1. So, of the residues in region 129-146 that are closer than 21 Å to residue 106 by Cα and open to solvent by 20 Å² or more (accessible area, probe 1.4 Å), which turns out to be nearest to the chain's Cα centre (by Cα)?
2. Being within 13 Å of residue 178 (Cβ to Cβ) and of a type in the set (D, E, K, R) is the filter here, so list the residues in region 201-223 that pass it.
3. Collect the residues in region 114-126 that are more than 10 Å from the chain's Cα centre (by Cα) and open to solvent by 30 Å² or more (accessible area, probe 1.4 Å), keeping them in residue-number order.
4. Within region 196-215, count every residue that is within 18 Å of residue 14 (Cα to Cα) and open to solvent by less than 80 Å² (accessible area, probe 1.4 Å).
5. For residue 193, are the conditions met, namely being open to solvent by 50 Å² or more (accessible area, probe 1.4 Å), farther than 17 Å from residue 148 by Cβ and of a type in the set (A, V, I, L, M, F, W, C)?
6. Just to verify a result, which residue in region 147-176, among those that are of a type in the set (Asp, Glu) and open to solvent by 60 Å² or more (accessible area, probe 1.4 Å), is farthest from residue 12 (Cα to Cα)?
7. Which one is modelled with the highest pLDDT, of the residues in region 97-113 that are open to solvent by 30 Å² or more (accessible area, probe 1.4 Å) and in a helix (DSSP H, G or I)?
8. Being farther than 19 Å from residue 15 by Cβ and in a loop (DSSP other than H, G, I, E, B) is the filter; apply it to region 77-96 and report the residue that is least open to solvent (accessible area, probe 1.4 Å).
Amino acid sequence: MANLTEWEQGWAQVQEDLRQSPGVQVFRDVQGPVTQVDRPSGEGEPQGGPSLAPSLHERSVRFSEIGSQWQTVEPYPFVTGEFYLIPLAQAVNEDPPEFESSFHSKKEQRIGKELRVIDDSPFTGAGSFAAIRLQAGVTDPEVWFSDHLRGLWKMDLDYRTYMDLLRLTKGAFGWQHLFTEAPLGDEDFQRTADRITNMIDALPQIFPHADYSGLRARSEARL
């Protein structure tokens, strides 16, 4: 890991922690080679892309791809998770995600054209993803979450915080709705609420050296 940044080493360690934990079964695990992605100089992105704050790239990776799919094992509460990242400078130059008219409102389709996926779920094909919204003159973009069946949700956090929490949760499904206005007390969101409850119970037991107090406080306020 000599050529990796401290942030990249942290992501490699997330994968190692998942692989080595007796409380977790890993199904898929990918880590591509480190690519030479130019860091921004404050005058726009590489390849003529949108201008983003250089500090956002401190929470990016240079791996061509890095991701894991996993689930807990007994006796821990059932939790499934997945994350999949590519370099931010590459992500902002990808095409926007597809939003079919039969599933999404016109407003969601309009916003969708401005989105670029930063965290995907290709292994399970769950259809959920997180994305940043590219808008003219905005250097610290909004983060949006799509859980496919329940629409598109603006998140109450920025890109840097999203990546910090993604690493902490290791991509446990459902955590993003702790930071949306989703009605987690409604029957339609019972499965999501159960996933969050299981995550808050299981992960501190499986990874006792990580600090989950902030997520626990957030879940107590939202559930």
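The values are calculated or read from the model by the stated rules, or taken from the named source; none is laboratory data. Nothing here was measured: the structure is a model prediction, and the numbers come from that model. Counting neighbours? That spans all protein chains shown, and the Cβs are built from the backbone with ideal geometry, glycine included. Only protein heavy atoms, including side chains, enter the accessible area calculation; ligands, DNA and RNA are left aside. Shrake-Rupley method; radii C 1.70, N 1.55, O 1.52, S 1.80 Å.
1. Looking at the filtered set, the residue picked out is 129.
2. 216, 218, 220, 222
3. 114, 116, 122, 123, 124, 125, 126
4. 10
5. No, not satisfied.
6. Once the filter is applied, the top-ranked residue is 156.
7. Of everything passing the filter in region 97-113, 110 is modelled with the highest pLDDT.
8. 92
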